[in-house]
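Each remark here refers to the structure printed beneath this line.
The values are calculated or read from the model by the stated rules, or taken from the named source; none is laboratory data. As the structure is a computational prediction, the values presented were derived from the model and not from experiment. When we count neighbours, we look across all protein chains shown, and the Cβ atoms used for this are built from the backbone with ideal geometry, even at glycine. All accessible areas refer to the heavy atoms of the entire protein, side chains included, with ligands and DNA or RNA removed. Shrake-Rupley method; radii C 1.70, N 1.55, O 1.52, S 1.80 Å.
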Amino acid sequence: TLYHSREKVYEAFGHVVVSAQGKRLSSDYLWLDDNTKDTKARGNVIFVDRESTVESAELHFNLTTGIGSIFYGKVSNDLYVLRGQLIRRVGTDHYLTTEGEYSTCKDCPESWKLSARNVDLTVDGYAYLSSVFLQIKDVPTLYLPYLVVPVKTRRQTGLLFPRMGGNTSHGFVFVQPGFIAIDQHQDAT
């Protein structure tokens, strides 16, 4: 560990682990400006806080604001996994990435994901994806120019996936089911 007293900058090499206020950062190299609280970590970076886990090759962020950039990494929690070459955290719960991947598949590792040119994800809000490919087992199966995906823990009233078909007696059949969240413990479909 080195401390540059004139600049008030810390540098640490080797297996670096820093823990404070329910957060833990480990990496091979750490640079910390004590004036601005800007931090740069490189090599096997793992950052864990109460909401999510970040794994990356490199991480630049501000300890005070939590805003920064994740290089060649992923952000995950109980709801989703977001991967990308560059993931920018632009707000407390707001992430942007280009050439990213999004999935909610936690009990089915790598069975499906959405690959998109741009992902704009707000935790407990929505993920807006453009130029999207649905990939099943890494095989692109469906292209959508734009997709909005809820990233919420609360139930919400809305439309469910439609069913289409046909038969000889009724012709073409289109069924559009809906979900109504009456309260925390009651709903109707």
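Structure notes:
- Pick from segment 101-111, criterion open to solvent by less than 40 Å² (accessible area, probe 1.4 Å) and touching a residue at least 24 places away in the same chain (Cβ under 8 Å), ranking: farthest from P140 (Cα to Cα): C105
- Residue check, I46 touching an Asp or Glu at 6+ places or on another chain (Cβ under 8 Å) and among the aliphatic types (A, V, I, L, M): yes
- In segment 11-37, residue modelled with the lowest pLDDT [restricted to those that are of a type in the set (V, I, T) and either part of a strand (DSSP E or B) or more than 20 Å from V90 (Cα to Cα) (or both)]: V18
- Scanning segment 142-189 for residues that are surrounded by 10 or more Cβ atoms within 10 Å (Cβ to Cβ) and either in contact with an Asp or Glu (Cβ under 9 Å, 6 or more places away or on another chain) or in contact (Cβ under 8 Å) with a residue 24 or more places away in the chain (or both) gives L147, V149, P150, V151, K152, R155, T157, L160, F179, I180, A181, D187.
- Residue in segment 1-10 that is modelled with the lowest pLDDT, counting only those that are surrounded by 12 or more Cβ atoms within 10 Å (Cβ to Cβ) and of a type in the set (S, T, Y): Y3
- Residues of segment 112-129 that turn out to be open to solvent by 30 Å² or more (accessible area, probe 1.4 Å) and either of a type outside the set (V, I, T) or at pLDDT below 90 (or both), as a count: 8
- Among the conditions (1) touching a Lys or Arg at 6+ places or on another chain (Cβ under 9 Å); (2) aromatic (F, W, Y); (3) open to solvent by 30 Å² or more (accessible area, probe 1.4 Å), F13 misses just one, which is (1).
- Residue check for T98: of a type in the set (V, I, T), loosely packed, with under 15 Cβ neighbours inside 10 Å and within 24 Å of V151 (Cα to Cα): yes
- Scanning segment 84-95 for residues that are open to solvent by 50 Å² or more (accessible area, probe 1.4 Å), out of contact with any Phe, Trp or Tyr (no Cβ under 8 Å at 6 or more places or on another chain) and part of a strand (DSSP E or B) gives V90, H94.
- Pairs where the first residue, in segment 12-25, is within 11 Å of T1 (Cβ to Cβ) and the second is polar (S, T, N, Q) and open to solvent by 60 Å² or more (accessible area, probe 1.4 Å), C-beta under 8 Å, 6+ apart: A12/T1; F13/T1
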